[in-house]
1. From Trp222, Trp166, grab the single residue that is touching a residue at least 24 places away in the same chain (Cβ under 8 Å), hydrophobic (A, V, I, L, M, F, W, C) and either touching a Leu at 6+ places or on another chain (Cβ under 6 Å) or under 21 Å from Thr114 (Cβ atoms) (or both).
2. Given Leu109, Leu88, Leu65, which one is within 23 Å of Arg207 (Cα to Cα), open to solvent by less than 20 Å² (accessible area, probe 1.4 Å), of a type outside the set (Phe, Trp, Tyr) and in a strand (DSSP E or B)?
3. If Leu88 passes every condition in (1) in contact with a Gly (Cβ under 6 Å, 6 or more places away or on another chain); (2) under 22 Å from Val14 (Cα atoms) but one, which one does it miss?
4. Among the numbered criteria (1) surrounded by 12 or more Cβ atoms within 10 Å (Cβ to Cβ); (2) within 18 Å of the chain's Cα centre (by Cα); (3) small (Gly, Ala, Ser), which single criterion is violated by Gly136?
5. Looking at the range 115-123, is at least one residue under 24 Å from Ile58 (Cβ atoms), open to solvent by less than 50 Å² (accessible area, probe 1.4 Å), of a type in the set (Phe, Trp, Tyr) and not in a loop (DSSP other than H, G, I, E, B)?
6. Can you tell which of Ala55, Ala43, Ala18 is small (Gly, Ala, Ser), crowded, with 22+ Cβ neighbours inside 10 Å and within 26 Å of Glu151 (Cα to Cα)?
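The values are calculated or read from the model by the stated rules, or taken from the named source; none is laboratory data. If you're wondering where the values come from, they're calculated on a predicted model, not measured in any experiment. Neighbour counts are summed over all protein chains in view; Cβ atoms, including those assigned to glycine, are modelled from backbone coordinates with ideal geometry. With ligands, DNA and RNA removed, areas are computed over all heavy atoms of the protein, side chains included. Shrake-Rupley method; radii C 1.70, N 1.55, O 1.52, S 1.80 Å.
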Amino acid sequence: MCTVVIRWSDGQPVRILALRDELATRPFDDPGRWWPEYPDVVAGRDRIAGGTWCATRIDTGATALVLNRPQRRVADPGASSRGILPLLGVAHGTEWRAHLELAGMAGFLLVLATPEQLVTWDFDGVRLQESRHPEGTVMVTSGGLEDRKAERHLGSFRAAGHPEEWRRLVQSAPPRDDPGALVVHHEEDGQVFATVFGELIEARPGRLRLSYSREPWTRRSWDTLAVG
């Protein structure tokens with residue numbers, strides 16, 4: 001489960017909130033330049049699969065994010081990891097599809113946000129559907145019951161300023177066992193699935209402002225990474 005809010009207008013910096021929901025025990029690294037083959041890309045790194053959930057390319061101002069989707073939860077053995085998708089998205093733009101084999105992959109929603117366009121691709125394990133979104137503020141989730149988040153919270157984000165007012169919306173309630181909550185905490189069979197990371201991004205070609213926290217619902221200050 002994840003939640004992404006994107007505000008874009010043609011020619012303006014892209015503004016994003018990304019909340020990552022994951023097993024609390026899954027290790028990951030904070031945003032950095034972790035991939036020598038993508039030297040201009042800043043992203044957090046999943047230590048198990050080696051990919052990412054959110055990547056920004058500094059020279060173009062493009063950000064790509066991947067969310068799990070419920071239609072196909074488990075990939076076939078040997079299939080590509082979803083964590084490669086944001087890296088391919090910022091490297092190749094809308095042509096990312098030519099650089100991997102979709103067959104056998106688990107379901108996903110890939111988001112590509114640039115100062116010129118906002119495009120998403122929804123893969124259910126069989127079909128890939130592309131959607132282009134008009135200017136404005138958009139919220140996307142992992143689907144299913146999580147779609148309640150947009151019903152509850154999108155209006156507030158549309159009315160609020162980025163980044164400080166968006167941050168305060170995230171901090172307005174503690175984690176709850178509710179798929180419609182912005183920040184979640186769910187325990188099942190001895191495992192904890194929760195919001196483990198939050199980041200606020202403002203990106204345009206040659207400039208990135210990124211703040212992030214491993215406890216985004218608290219009042220503690222967020223770390224900041226700035227380029228350009």
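1. Trp166
2. Leu65
3. Looking at each condition in turn, Leu88 falls short on (1).
4. So Gly136 meets the others, but not (1).
5. Taking every residue of the range 115-123 in turn, at least one turns out to be under 24 Å from Ile58 (Cβ atoms), open to solvent by less than 50 Å² (accessible area, probe 1.4 Å), of a type in the set (Phe, Trp, Tyr) and not in a loop (DSSP other than H, G, I, E, B).
6. Ala18
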